[in-house]
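The values are calculated or read from the model by the stated rules, or taken from the named source; none is laboratory data. Keep in mind it's a predicted model, so treat the numbers as computed, not measured. FYI the Cβ positions are ideal-geometry reconstructions off the backbone, even for glycines, and counts take in every protein chain you see.
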Ligand code: UD1
């Protein structure tokens with residue numbers, strides 16, 4: 001049984017689908033604070049399988065311990081956590097308390113119950129601003145750009161220390177920019193309130209839910225002046241977790257692995273692809289730069305391919321098509 005924390009969320013629900021399709025038994029642990037129970041029905045519709053659900057506060061050590069007593073867990077994929085960069089700057093304690101406590105509770109219960117495989121959801125944000133555009137895992141941690149980013153780095157450090165003192169085998173998956181949705185249109189990124197990330201902003205500006213998108217800066221030293229990121233289809237990202245789980249089962253120790261395509265796309269290029277593929281107009285204007293944004297970065301995806309045999313397969317056009325298909329079905 002694979003314990004998938006945060007499995008009702010945007011990324012977690014796609015991982016649940018890939019795990020179930022690959023034949024794993026899955027228990028989703030989620031407090032549904034930032035996810036809807038309907039997602040579970042959608043996972044069932046897509047896979048024809050019902051995942052077990054545990055509605056739980058993962059920061060509560062006794063609740064986590066009870067879950068491990070009741071269910072025989074073989075491995076953990078840990079995504080649950082707060083993830084809004086701006087909010088983390090305004091409410092740092094909320095982020096440190098939640099993201100650290102949940103990871104600690106899980107690690108303690110795993111140690112007690114002899115569970116030795118752990119896949120952790122990390123972020124390219126741990127690299128900080130290394131001064132180069134292609135990020136390899138051999139780079140040191142950079143100065144954290146937000147409390148959210150600090151929690152990712154701290155959890156990586158905690159897991160590394162625990163693994164050094166035990167049989168724990170762990171993979172940190174450092175995500176670049178996950179976008180898109182499942183091709184069924186049943187699960188996808190549907191944030192409450194004003195979105196933080198670019199793709200849900202594009203879809204909501206296009207449906208009219210938001211008046212228009214602001215492109216944060218067109219005076220960066222890039223090919224068209226807008227920022228360049230490494231966008232990755234969420235289904236590719238989800239498959240990366242299945243590969244990481246298999247890797248953990250066969251290898252001891254700790255590895256940090258980038259999940260990205262290795263390809264940079266600018267904000268304006270993404271808008272152009274979205275309009276072309278979907279035959280729509282994205283209402284947008286050029287605005288000032290957003291504080292903290294870097295001009296350009298993308299993943300070196302070589303380690304993921306070498307160690308896990310994983311590489312991104314889906315295209316920018318596919319990401320745009322699937323994101324729009326989901327937005328059309330959801331509204
Ligand atoms: C952000 C976080 C990163 C986090 C990741 C996943 C920052 C500085 N970084 O990455 O730590 O791991 O999300 O949640 O917040 N953009 C616009 N207009 C918009 C929104 C975004 O032009 O309305 C641009 C941004 O300038 C950026 C690109 O779109 O160049 C992607 O932005 P976003 O989706 O927020 O991701 P990141 O900033 O790359």
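Out of the residues in the range 164-190 that are more than 17 Å from residue 319 (Cα to Cα) and part of a loop (DSSP other than H, G, I, E, B), which is nearest to the ligand (Cβ to nearest atom)? Spell out how you get there, then give the answer.
Going through the range 164-190, the residues more than 17 Å from residue 319 (Cα to Cα) turn out to be 164-174.
Checking which are part of a loop (DSSP other than H, G, I, E, B) leaves us with 165-168.
On the way: 165: 29, 166: 28, 167: 30, 168: 25 Å.
Only one residue tops the list, namely 168.
Which residues, taken from the range 216-237, are within 13 Å of the ligand (Cβ to nearest atom) and surrounded by fewer than 18 Cβ atoms within 10 Å (Cβ to Cβ)? Break it down stepwise before answering.
Kept after step one, since they are within 13 Å of the ligand (Cβ to nearest atom), are these residues of the range 216-237: 216-220, 222, 224-232, 234, 237.
Hits for the range 216-237 are 216, 218, 219, 224, 225.
Restricting the search to the range 290-324, which residues are assigned to a loop (DSSP other than H, G, I, E, B), in contact (Cβ under 8 Å) with a residue 60 or more places away in the chain and farther than 26 Å from residue 276 by Cα?
Residues satisfying the conditions are 290, 292, 293, 294, 300, 309, 310.
Please name all residue pairs, on different chains or six or more residues apart, with Cβ atoms under 6 Å, provided the first residue is in the range 101-113 and is in a helix (DSSP H, G or I) and the second residue is surrounded by fewer than 22 Cβ atoms within 10 Å (Cβ to Cβ).
Close Cβ pairs (under 6 Å, with a partner that is surrounded by fewer than 22 Cβ atoms within 10 Å (Cβ to Cβ)) amount to 101/59; 102/59; 105/61; 107/162; 109/65; 109/68; 113/68.
Among the listed residues 273, 291, identify the single one that is at pLDDT below 95 and within 24 Å of the chain's Cα centre (by Cα). Working first, answer last.
On the way: 273 fails: at pLDDT below 95.
Of the residues listed, the single one that is at pLDDT below 95 and within 24 Å of the chain's Cα centre (by Cα) is 291.
So which strands (runs of 3 or more DSSP E) stay within the range 211-289 end to end and still have 3 or more residues that are in contact with a strand residue (DSSP E or B) (Cβ under 6 Å, 6 or more places away or on another chain)? Don't jump to the end; show me each part of the working.
On the way: elements: 213-216, 231-233, 253-259, 284-287.
Those strands (runs of 3 or more DSSP E) span 213-216, 253-259, 284-287.
Please go through the range 114-142 and pick out each residue that is part of a helix (DSSP H, G or I) and touching a strand residue (DSSP E or B) at 6+ places or on another chain (Cβ under 8 Å). Outline the logic, then answer.
Filtering the range 114-142 for residues part of a helix (DSSP H, G or I) gives 124-127.
124, 126, 127, listed by residue number.
Output the residues belonging to the range 67-84 that are farther than 16 Å from residue 155 by Cβ and either within 18 Å of the chain's Cα centre (by Cα) or in a helix (DSSP H, G or I) (or both). So that I can check it myself, show each step before the final result.
At the first step, the residues of the range 67-84 found to be farther than 16 Å from residue 155 by Cβ are 67-75, 84.
If the condition is that a residue be farther than 16 Å from residue 155 by Cβ and either within 18 Å of the chain's Cα centre (by Cα) or in a helix (DSSP H, G or I) (or both), then 67, 68, 69, 70, 84 are the ones that fit.
Conditions: (1) closer than 22 Å to residue 7 by Cβ; (2) more than 15 Å from the ligand (Cβ to nearest atom); (3) surrounded by fewer than 23 Cβ atoms within 10 Å (Cβ to Cβ). Residue 240 meets all but one. Number of the miss?
Every listed condition holds for residue 240 apart from (3).
I need a count of the residues in the range 143-157 that are more than 12 Å from the ligand (Cβ to nearest atom) and not in a loop (DSSP other than H, G, I, E, B).
Going through the range 143-157 one residue at a time, the tally reaches 4.
I want to confirm something. Restricting to the range 1-30 and keeping residues that are in contact (Cβ under 8 Å) with a residue 12 or more places away in the chain and assigned to a loop (DSSP other than H, G, I, E, B), which single residue is farthest from residue 53 (Cα to Cα)? Don't jump to the end; show me each part of the working.
Filtering the range 1-30 for residues in contact (Cβ under 8 Å) with a residue 12 or more places away in the chain gives 1-22, 24-30.
Next cut, assigned to a loop (DSSP other than H, G, I, E, B) only: 1, 6-9, 22, 24-25.
Values: 1: 12, 6: 11, 7: 9, 8: 9, 9: 13, 22: 18, 24: 15, 25: 11 Å.
So, considering only residues that are in contact (Cβ under 8 Å) with a residue 12 or more places away in the chain and assigned to a loop (DSSP other than H, G, I, E, B), the one farthest from residue 53 (Cα to Cα) is 22.
To keep it simple, each residue is scored yes or no on (1) touching a helix residue (DSSP H, G or I) at 6+ places or on another chain (Cβ under 9 Å); (2) within 14 Å of the ligand (Cβ to nearest atom); (3) over 16 Å from residue 204 (Cα atoms).
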| residue | (1), (2), (3) |
| --- | --- |
| 259 | yes, yes, yes |
| 264 | no, yes, yes |
| 267 | yes, yes, no |
| 287 | no, yes, yes |
| 303 | no, no, yes |
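Out of curiosity, is residue 64 over 19 Å from the mean Cα position of the chain (by Cα), part of a helix (DSSP H, G or I) and within 16 Å of the ligand (Cβ to nearest atom)?
Details: over 19 Å from the mean Cα position of the chain (by Cα): yes; part of a helix (DSSP H, G or I): yes; within 16 Å of the ligand (Cβ to nearest atom): no.
The answer is no for residue 64.
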